[in-house]
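The structure appears below as structure tokens.
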Amino acid sequence: MPRQVTFKEMMNEVVAYGSCCECGTCVLVCPHNVIDYVDGKPKQVAKKTGAFDYCGMSEGIGCDVCAQVCPRLGTLRDQVHPQGPGVYEGVFGRYRRIVAARCTDPEILARCQDGGVVTAILAHGLREGMFDGAVVAAADESMPAAPKPKVVTSVADAIASGRSWYTYSPNDLALEQAAQQGLSKVCFVGVPCQVTPVRKIQAADPTFLAESPRKKPQHIERQTKFLKGFGEIVTFTVGLLCSEVFTYQGLMVDKIQHEMGVPLADVTKFNVKGKVLIYKKDGTVAEMSLHKAQEYARPECHHCGDFTAELADVSCGGVACMDWTITVLRSARGEALFDDLVRRGLVETRPMEEFEQSMKVMLRLTHKQRDRVPVPPGRTPRYVRPAVAGDPTAA
């Protein structure tokens, strides 16, 4: 069994180091209410006089459940997507096929981002009973042009959530709401740093929790439930291609609303196609330089080297193309669901040979993102992907 990382390591090597992505999963799974989500980061709240990296449970009877799910500590490639026939391994991680796809439902296309594949997956899964709910980022009614984590259980709500805002939403926290609602077949939609902790929950081995002789059975039971429970209700994961997101105050408020004079209440959605496209209620589209927008990128995002959501069942993004979704089919489950959509005429596809520019941009962004990740003291680079002969992305 690999060495278990600790709460102290997480707080020092991730939070204090500056790489915490603000997914909130460590707070979600904490069995003993030691940490809370404060200003986007986990904060020790159990003992006011205690150090920021002190957990009485960790240093007492033993716990460290939180650290096991941190997306910045350790990798999972082999556990999630094992090698096998028909599986490529290369620049984009492990996958089975890459295609360009577009939903055929006019209602979804009118609302969604790019080709609407993610929304089509959600709508189909909810209609057919494959999912009893989905965790998504939806518009925050109290904050214009901002997202919030949300559980949707109807096709209408899934379609209503089908757009991107490009500021951070800690989607993993909504798994608590899903569990409270008694959902057991949840589709989780998120960016790479949100899909990774879900997969870490699912892959975690809880046997280490029973190693402490000072721990009572009820402690083991509670810690195991919090370590594994939220992952057990997730049956499918959709990863959104992501290089970075922006700060709400910097990009949305200071730049777009104040400097550009675009009221955020008038914005219906955003898109990024070499520049930032700002869609307004009156049907017009304002534009701003992507280079300028990147001045407001969250610094935490520069610690992430996973552009293509390598651990998802299906990864989706509108890279260098309009009205189509570049779709990476990774797991057998993901490929089967997608092929069912195609058979039913709910999604149309085109080969990637017709989207040469999209492939070039994906390759460039994937390499760039991995190369930018700083390596914490005492650790080795996490993104080492040997190319395999036959991988069309190995160039």
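The values are calculated or read from the model by the stated rules, or taken from the named source; none is laboratory data. Worth saying up front: this structure is predicted, and the values here are computed from it rather than measured. For neighbour counting, all protein chains shown are included, and Cβ atoms are generated from backbone atoms with ideal geometry for every residue, glycine included. Just the protein is used for accessible areas: all its heavy atoms, side chains included, with ligands, DNA and RNA removed. Shrake-Rupley method; radii C 1.70, N 1.55, O 1.52, S 1.80 Å.
Observations
- Of all accessible heavy-atom area on the chain, the percent that carbon and sulfur account for (1.4 Å): 53 percent
- Considering only ASP132, ASP53, ASP39, the Gaussian network model of the chain with Cα springs below 10 Å gives its largest mean-square fluctuation to ASP39.
- Cα→Cβ-extended label distance, 7 Å offset, between THR75 and LYS273, nm: 3.5 nm
- In loop segments of the range 1-99 as defined by DSSP, the trypsin sites (Lys or Arg not before Pro) with at most 10 further C-beta atoms inside 10 Å of their C-beta are ARG3, LYS48.
- Each stretch of four or more DSSP H residues adds -39500 (n - 2.57); spread over every residue of the chain, this sum gives -7500 deg cm²/dmol at 222 nm.
- Sparse-neighbour loop sites [trypsin sites (Lys or Arg not before Pro); the range 179-255; at most 12 other C-beta within 10 Å; DSSP]: ARG214
- Just checking the listed ones, GLN113, GLN357, GLN369: in the Gaussian network model of the chain with Cα springs under 10 Å, the one fluctuating most is GLN357.
- Under a model in which nothing but the beta-carbon of Lys, Arg (+1) and Asp, Glu (-1) is charged, the range 20-155 shows a dipole of about 180 debye around its Cα centre.
- Links that overshoot a 19 Å alpha carbon limit, given the list LYS8/LYS48; LYS150/LYS255; LYS8/LYS228; LYS41/LYS148: LYS150/LYS255; LYS8/LYS228
- For volume of the Cα convex hull per residue in Å³, the value computed from the atomic coordinates appears in the list (i) 147; (ii) 126; (iii) 290 under label (i).
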